[in-house]
Amino acid sequence: MSSEVFTVECPCGAVMSESEMAVLTKVVQEHAQSNHDMVLSAEDVQDMAH
Ligand SMILES: [Zn+2]
């Protein structure tokens, strides 16, 4: 079984990890909007994820 986890490290130091990209995308989009007043597309989040 794979336990792949997607992680995005925000430049502000916040680290967000989720096992589902769809969930991570929402978490990161909400973080960016509420903390940085930035609107990220799903593609932006996927580019940042590793
Ligand atoms: Zn941030």
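Any read-out appearing in this document is the output of simple, stated calculations on the displayed coordinates, not a laboratory observation. A quick note: this is a predicted structure, and the numbers were derived from the prediction, not measured. Please note: Cβ atoms are built from the backbone with ideal geometry, for glycine as well, and neighbour counts cover all protein chains shown.
Tabulated data for the structure shown
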{"read-out": "Members of the stretch 30-44 found to be part of a loop (DSSP other than H, G, I, E, B) and either exposed (fewer than 10 other Cβ atoms within 10 Å of the Cβ) or touching a Pro at 6+ places or on another chain (Cβ under 6 Å) (or both), listed by number", "value": "37, 39"}
{"read-out": "Single unsatisfied condition, residue 23 versus (1) free of Cβ contacts under 8 Å to residues at least 12 places away in the same chain; (2) part of a helix (DSSP H, G or I); (3) within 15 Å of the ligand (Cβ to nearest atom)", "value": "(3)"}
{"read-out": "Meets criteria (within 14 Å of the ligand (Cβ to nearest atom), within 8 Å of the chain's Cα centre (by Cα) and of a type in the set (A, V, I, L, M, F, W, C)) for residue 39", "value": "no"}
